[in-house]
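Working notes for the structure below.
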Amino acid sequence: MITLDRTYENEVAARELCEERLDDAGYGFGSDTLSATADTLADFAAQWGEAKQDRDLEDLPHGVWHNVQPTKGAARGTLVVIDFGGFRMANFC
């Protein structure tokens with residue numbers, strides 16, 4: 001199970017960059033959809049399969065998973081994870 005944590009010191013700067021880049025790439029985001037996590041891109045790939053790449057985010061290490069359903073009965077959406085080295089920012093919308 002992937003766990004989300006909001007305790008990272010660089011989260012504010014990463015959140016601002018993510019919001020700008022996700023908006024430019026056409027993904028939705030918000031304070032309730034964007035979270036910091038210690039889980040790696042490999043952890044996400046183990047749960048959701050091979051990630052796609054988005055050319056609008058190609059200068060950042062990232063993964064995109066479409067049609068993800070986080071829990072049974074939950075709405076499906078797109079999961080975008082951007083890697084900042086010591087932590088990742090995950091956005092589900």
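The values are calculated or read from the model by the stated rules, or taken from the named source; none is laboratory data. Computed from a predicted structure; not experimentally measured.
For the stretch 73-92, enumerate the residues that are over 13 Å from the mean Cα position of the chain (by Cα) and at pLDDT 90 or above. I'd like the intermediate steps shown before the answer.
At the first step, the residues of the stretch 73-92 found to be over 13 Å from the mean Cα position of the chain (by Cα) are 73-76, 85-86.
Across the stretch 73-92, the qualifying residues are G73, A75, R76.
Screening V12 against (1) modelled with pLDDT of 90 or more; (2) part of a helix (DSSP H, G or I) leaves a single unmet condition, (1).
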